[in-house]
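The values are calculated or read from the model by the stated rules, or taken from the named source; none is laboratory data. If you're wondering where the values come from, they're calculated on a predicted model, not measured in any experiment. Cβ: placed from backbone, ideal geometry, glycine included. Neighbour counts: every protein chain shown. Areas reflect the complete protein model, heavy atoms only, side chains present, ligands, DNA and RNA absent. Shrake-Rupley method; radii C 1.70, N 1.55, O 1.52, S 1.80 Å.
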Amino acid sequence: MLIHPWDAPHDDGEWQRWLAAHDFGQLAVNGAPGEPPWVQPLHFRYEPGPGPYGQAITHLARPNPLWRDLDRDSTVLLSVVDDYVYVPGHWTAPDGAPAEHGTPTSYYAAVQLRCTAHVVDDPEEKAELLNRQVAHFQPEGGTAQVRTGEAPFGRMLPGIRALRLEVTGVRAKFKYAGNKPAAVRERVSVRLAERAGPGDAAARAHQLRRHAPEPAGDGPVDGPAGAGRSAAGPAAPEGPSATT
């Protein structure tokens with residue numbers, strides 16, 4: 001994933017806050033030599049600790065064919081993409097240029113977690129991880145706890161394997177026209193509010209948040225782009241925002 005400096009997170013807190021509220025992604029597991037990777041859609045719970053990048057916990061059915069290759073190579077990638085919209089070209093033309101000369105583009109947020117996968121088969125530990133996952137998705141309760149040897153879920157434990165994904169590296173991107181003039185961003189923001197389609201409100205909120213004017217006389221609130229530990233791509237000359 002290409003990450004221009006203007007699309008990099010302001011700090012680690014930006015991607016961590018976003019990931020805490022975006023808990024469905026795709027787990028990529030290296031396939032056998034010469035074969036493509038396995039890509040498994042799944043829900044997960046992200047936790048900011050332990051370690052510098054935290055961990056994600058999830059589970060999959062025991063018959064899943066990816067276990068064979070995961071047991072061989074524990075390095076995996078968890079990819080999450082959301083808050084995406086298509087921005088028509090006639091919204092983005094520079095002031096004074098014909099509207100049809102504007103460049104169509106995409107806005108989106110994306111976080112990729114490079115992880116070491118730890119497979120959990122111990123029944124007690126597996127039950128504890130499952131209960132943590134359910135607590136994240138159902139804080140209001142309403143589902144029985146998983147307990148080994150007890151109804152209703154104890155008998156199901158042998159049919160699944162839990163995963164603790166230790167995050168060893170992060171690449172995060174918030175692509176919301178950070179390299180465009182304020183007038184263009186403001187115009188797109190107005191058009192997103194008017195269109196009010198799926199994802200438009202979230203994309204507009206990101207754009208306004210990331211490019212809000214700084215208080216007079218104060219320094220940067222979040223620090224320079226890319227100041228956190230999450231990785232950004234090398235600096236690149238400004239190009240059309242259609243570059244993804």
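On inspection, L165 passes the criterion of being within 29 Å of V119 (Cβ to Cβ) and buried (at least 19 other Cβ atoms within 10 Å of the Cβ).
Let me confirm something: among Q133, Q138, which residue is touching a Lys or Arg at 6+ places or on another chain (Cβ under 7 Å) and open to solvent by less than 80 Å² (accessible area, probe 1.4 Å)? Explain how you work it out, then say what you get.
Values: Q138 fails: touching a Lys or Arg at 6+ places or on another chain (Cβ under 7 Å).
Just a single option satisfies the conditions, and that option is Q133.
Of all positions in the range 108-119, at least one carries a residue that is touching a Leu at 6+ places or on another chain (Cβ under 7 Å) and of a type in the set (G, A, S).
Somewhere in the range 78-98, is a residue touching a Cys at 6+ places or on another chain (Cβ under 7 Å), open to solvent by less than 70 Å² (accessible area, probe 1.4 Å) and closer than 22 Å to H43 by Cβ? Quick ask: steps written out before the conclusion?
Here is the first cut: in the range 78-98, the ones touching a Cys at 6+ places or on another chain (Cβ under 7 Å) are 78.
Applying the additional criterion that residues be open to solvent by less than 70 Å² (accessible area, probe 1.4 Å) yields 78.
From what's left, closer than 22 Å to H43 by Cβ: 78.
Yes, some residue in the range 78-98 is touching a Cys at 6+ places or on another chain (Cβ under 7 Å), open to solvent by less than 70 Å² (accessible area, probe 1.4 Å) and closer than 22 Å to H43 by Cβ.
The residue list V167, V146, V184 contains one member that is β-branched (V, I, T) and in contact with a strand residue (DSSP E or B) (Cβ under 7 Å, 6 or more places away or on another chain), which is V167. I'd like to know if the range 82-90 contains one or more residues that are of a type in the set (V, I, T), at pLDDT 95 or above and over 22 Å from A202 (Cα atoms). Within the range 82-90, not a single residue is of a type in the set (V, I, T), at pLDDT 95 or above and over 22 Å from A202 (Cα atoms).
One line per residue, one yes/no per condition, for (1) modelled with pLDDT of 95 or more; (2) in a helix (DSSP H, G or I); (3) surrounded by fewer than 15 Cβ atoms within 10 Å (Cβ to Cβ):
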{"position": "H118", "(1), (2), (3)": "yes, no, yes"}
{"position": "L129", "(1), (2), (3)": "yes, yes, no"}
{"position": "P152", "(1), (2), (3)": "yes, no, yes"}
{"position": "R161", "(1), (2), (3)": "yes, no, no"}
{"position": "F174", "(1), (2), (3)": "yes, no, no"}
{"position": "S189", "(1), (2), (3)": "yes, yes, no"}
{"position": "P198", "(1), (2), (3)": "yes, no, yes"}
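Can we say P104 is touching a Phe, Trp or Tyr at 6+ places or on another chain (Cβ under 8 Å), on the phi < 0 side of the Ramachandran plot and open to solvent by 20 Å² or more (accessible area, probe 1.4 Å)? In short, yes.
Kindly establish whether R17 is free of Cβ contacts under 8 Å to residues at least 24 places away in the same chain, under 12 Å from the mean Cα position of the chain (by Cα) and surrounded by fewer than 17 Cβ atoms within 10 Å (Cβ to Cβ). Yes: the conditions hold for R17.
So is F44 among the aromatic types (F, W, Y), open to solvent by 70 Å² or more (accessible area, probe 1.4 Å), under 24 Å from A127 (Cβ atoms) and in contact (Cβ under 8 Å) with a residue 12 or more places away in the chain or not?
When the stated conditions are applied, F44 does not pass them.
Yes or no, residue by residue, for (1) aromatic (F, W, Y); (2) over 22 Å from the mean Cα position of the chain (by Cα):
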residue	(1), (2)
F137	yes, no
A151	no, yes
I160	no, yes
A172	no, no
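Scanning the range 47-69 for residues that are among the hydrophobic types (A, V, I, L, M, F, W, C) and touching a residue at least 60 places away in the same chain (Cβ under 8 Å) gives A56, I57, L60, A61, W67.
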